[in-house]
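The values are calculated or read from the model by the stated rules, or taken from the named source; none is laboratory data. Predicted, not measured: the structure shown is a model, and the values here were computed from it. Methodologically, a virtual Cβ is constructed for each residue, glycine included, from the backbone with ideal geometry; neighbour enumeration extends over all protein chains shown. All accessible areas refer to the heavy atoms of the entire protein, side chains included, with ligands and DNA or RNA removed. Shrake-Rupley method; radii C 1.70, N 1.55, O 1.52, S 1.80 Å.
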Amino acid sequence: MSQDRKRAQEYVVIRHRPGYRLRRTAILLVFSVVAAVAGYATGLAQGGFRFSNVEASNDVLEEELDTLREDYTEARQQVINLDRGRAIDEQALNQARKTIVELETRIASLKSDLTFYKNIMAPSETSKGLQVDSLTLAPDRQPGAFDFKLVLTQVGNNKSYIAGVVAVNVIGLRDEEKEVIALRDLSQDIEDLGVKFRFRYFQDVEGLLVLPDGFEPLEVQVVAQAEGRKSSQAERTFDWDDLTEN
């Protein structure tokens, strides 16, 4: 009889341990939000993000943004409750705060994507037709190597495809003399001087470039030339330091 009473008392203590319910709720919230974000990111990586209908992409992104904002608000309130209660272990609290940062980053990324699509569908009068939208560089593990991503867009009139070639040159100094090197000579992913493109809304050109020894890059020049009925040219020059400062 005494052993049964002792077990019952232990059970009562566990059931009424301070912060137990808050801790359980926090952990469930954190894993639910992280799972949702991870699932969405996996979907993007598998190619589900690239829709042929840009207007549909806008709707999906706006719905996802609203959902993330709700999760963000709920997670922030949970952190406030945990801070006040002081009855949660440090690990769970840190995980909740980490989730807040991940949500903020994801929301910022979604806003950027929405702006990108809206600019394609509703451009200003001075930015229609073929455009060199962006160029990004990310350092690779190999010294002097960078992963690059060039984005071309067709702004405004997207009813038909636009096709042509785009040339990329890296301008810099070697032995204090100006030198221009074609992307083809820096990347094994590029075979021709002009990379062919054909798209309605946008197209990415990606790969790895490796700088030669003794070469100091200063600028990257991009020239896109559309052919046929939509013949036009778009040119843009990027400062190397701006591309690699992050």
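Of the listed requirements (1) touching an Asp or Glu at 6+ places or on another chain (Cβ under 9 Å); (2) part of a strand (DSSP E or B); (3) more than 19 Å from V132 (Cα to Cα), V180 misses just one: (1).
Any residue that is among the basic types (K, R), surrounded by fewer than 17 Cβ atoms within 10 Å (Cβ to Cβ), at pLDDT 80 or above and within 20 Å of D242 (Cβ to Cβ) - is there at least one of those in region 166-178? Don't jump to the end; show me each part of the working.
Start the filter on region 166-178 by keeping residues that are among the basic types (K, R), which leaves 174, 178.
Among the residues that remain, those that are also surrounded by fewer than 17 Cβ atoms within 10 Å (Cβ to Cβ) are: 174, 178.
Filter again for at pLDDT 80 or above, leaving 174, 178.
Within this subset, residues satisfying the condition of being within 20 Å of D242 (Cβ to Cβ) are 178.
The answer is yes; a qualifying residue exists.
For N158, the test of being touching a residue at least 40 places away in the same chain (Cβ under 8 Å), among the polar types (S, T, N, Q) and part of a strand (DSSP E or B) is failed.
Taking every residue in region 91-113 that is under 14 Å from V60 (Cα atoms) and in contact (Cβ under 8 Å) with a residue 24 or more places away in the chain and pairing it with any residue that is part of a helix (DSSP H, G or I) and open to solvent by 20 Å² or more (accessible area, probe 1.4 Å), at least 6 positions away or on another chain, the pairs with Cβ-Cβ distances below 8 Å are I107/R69; I107/Y72; L110/E64. Residue check: is R236 loosely packed, with under 13 Cβ neighbours inside 10 Å, part of a strand (DSSP E or B) and under 27 Å from the mean Cα position of the chain (by Cα)? Here the answer is no, as R236 does not meet what is asked. Starting from region 62-89, keep only residues that are over 18 Å from E104 (Cβ atoms), then list their pairs with residues that are at pLDDT below 75 and among the basic types (K, R) whose Cβ atoms are within a distance under 7 Å, requiring at least 6 positions of separation or different chains. These pairs meet every condition: I88/R23; D89/R23. When you look at T136, is it in a strand (DSSP E or B), touching a helix residue (DSSP H, G or I) at 6+ places or on another chain (Cβ under 6 Å) and hydroxyl-bearing (S, T, Y), yes or no? In short, no.
The one condition from (1) among the hydrophobic types (A, V, I, L, M, F, W, C); (2) surrounded by fewer than 16 Cβ atoms within 10 Å (Cβ to Cβ); (3) modelled with pLDDT under 95 that L218 does not meet is (3).
Only one of L211, L152 is at pLDDT 90 or above, hydrophobic (A, V, I, L, M, F, W, C) and more than 22 Å from L130 (Cβ to Cβ). Can you tell me which? Matching residue, one of L211, L152: L211.
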